[in-house]
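Encoded as structure tokens, the structure appears first; notes follow it.
The values are calculated or read from the model by the stated rules, or taken from the named source; none is laboratory data. This is a predicted model, so every value here is computed, not measured. Here the Cβ positions follow ideal geometry from the backbone for every residue, glycine too, while neighbour counts run over all protein chains shown.
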There are 2 protein chains.
Amino acid sequence: MGRGAETRATILDEALELTSQLGLEGLSIGVLAKRTGMSKSGLYAHFESKEGLQCDVLQEAADRWAELVLRPALKEPRGLPRVRAIFERWMAWDTEAFGGGCPFMAAATDFDDREGPVRDAVVRHVRDALATLSRAVQLAVDEGHLRADASVEQVTFEIWGTLTGFQQYSRLLAHDGARDRAQRAFDALVDRYRA
Amino acid sequence: MGRGAETRATILDEALELTSQLGLEGLSIGVLAKRTGMSKSGLYAHFESKEGLQCDVLQEAADRWAELVLRPALKEPRGLPRVRAIFERWMAWDTEAFGGGCPFMAAATDFDDREGPVRDAVVRHVRDALATLSRAVQLAVDEGHLRADASVEQVTFEIWGTLTGFQQYSRLLAHDGARDRAQRAFDALVDRYRA
């Protein structure tokens, strides 16, 4: 990594943690300047605008998700083991990867009602993650682990609901039993669709 | 309603809609002054601080939830009909009650990592709503509609997960089939626990 790229990576690290904690709306060149001790003009050399910075942060978050959730899960055998690995690593992503939880969820409520490139980026990344989950579920049907008549889209929705419910229980409500509740819900879901 | 109370109600209406769309962090006396055409000093006569305003908005949201979700559901017979009514009205709350979705969820991601009275208020209101749902589920067990060995807390978590998943599908992803997916998930959940 060149020095410019290294500086950029350091800034994105900080920006990602800020987004996780305060949401994407709170992320600006000014706030980031304070946190990194860099000048605003120094930051503008790396990110052309607030929106550009926000989109870059989302791309960085997507790359991390691929690295922390998807890549290790792809080492599991296709079918149920892989779906389970995605689910469990996604729970860890929601609770352990950042100080303030999933950056996409932090961004989602801020931007779900606004038009523009940032909202488009949030939606695209979340859709990509759900498409990845959906493909893993489809493989579990193809492998004969889940019933042939299971609706892949319905299973995907139910796993996603379990993850979003888990995130609220663990982060917002600081519920001790969040992981256990979510794991039980996932297991029951799998049992219901098992071939 | 006296004139002061009426003005306050008008301001809270606007503040609630703003929160729904932009999140609670974006809500300030200054922003609200612009939206209502009132002076900042006029607003300070009704709300002593930004935090005070935010807490009042959350209380107003809780009152609306009670009015739009809980009160009509309490007219349904105790047991499954009431649980179903809460679920269905909660989906409507997430999508129809405000321009930008549930104000609590808009507030949650902004405040889930911060200490203070606003976070405490968000958590208290969400816990209250979940306790209400949980009591309805308990009554469904007591009435013999759900299995006696069903874990009330687990059922509550799973309904909540369905609602949070629904919210993301419908608001963020603008998914056409969100309501249908959520309704199917709820029906399957009820079937699984049915006595």
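Yes/no matrix, rows are residues, columns are (1) over 17 Å from A:D187 (Cβ atoms); (2) within 17 Å of the chain's Cα centre (by Cα); (3) part of a helix (DSSP H, G or I):
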residue	(1), (2), (3)
A:A129	yes, yes, yes
A:V137	no, no, yes
A:G144	yes, no, no
A:D149	yes, no, no
A:V155	no, no, yes
A:W160	no, yes, yes
A:T164	yes, yes, yes
A:Q167	yes, yes, yes
A:S170	yes, yes, yes
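Give region B:154-190 a look and list any residue that's charged (D, E, K, R) and either more than 9 Å from chain A (Cβ to nearest Cβ) or within 15 Å of B:R89 (Cα to Cα) (or both), or say none. B:D176, B:R179, B:D180, B:D187, listed by residue number. Of the residues making up region B:41-61, those that are over 21 Å from B:G23 (Cβ atoms) and either under 22 Å from the mean Cα position of the chain (by Cα) or of a type in the set (D, E, K, R) (or both) number 1.
The helices (runs of 4 or more DSSP H) found entirely in region B:1-44 that carry 2 or more residues being touching a residue at least 12 places away in the same chain (Cβ under 8 Å) and among the β-branched types (V, I, T) are B:3-22, B:29-36. Consider region B:16-40 and keep the residues that are among the hydroxyl-bearing types (S, T, Y) and within 25 Å of the chain's Cα centre (by Cα). The one that is nearest to the other protein chains (Cβ to nearest Cβ) is B:S20.
Return the pairs, sorted by first residue and then second, in which the second residue is of a type in the set (K, R) and part of a loop (DSSP other than H, G, I, E, B), the first residue lies in region B:127-152 and is surrounded by 19 or more Cβ atoms within 10 Å (Cβ to Cβ), the beta carbons are less than 8 Å apart, and the residues are 6+ apart or on different chains. Matching pairs, first to second residue: B:A136/B:R78; B:A140/B:R78; B:V141/B:R147. For region B:91-106, the set of residues classified as assigned to a helix (DSSP H, G or I), closer than 19 Å to B:H175 by Cα, within 13 Å of chain A (Cβ to nearest Cβ) and modelled with pLDDT of 90 or more consists of B:M91, B:D94, B:T95, listed by residue number. Candidates are the residues of region B:109-123 that are aliphatic (A, V, I, L, M) and within 11 Å of chain A (Cβ to nearest Cβ); the one that is surrounded by the most Cβ atoms within 10 Å (Cβ to Cβ) is B:V122.
None of B:H125, B:H145 is at negative phi and in contact with a Phe, Trp or Tyr (Cβ under 8 Å, 6 or more places away or on another chain) except B:H125.
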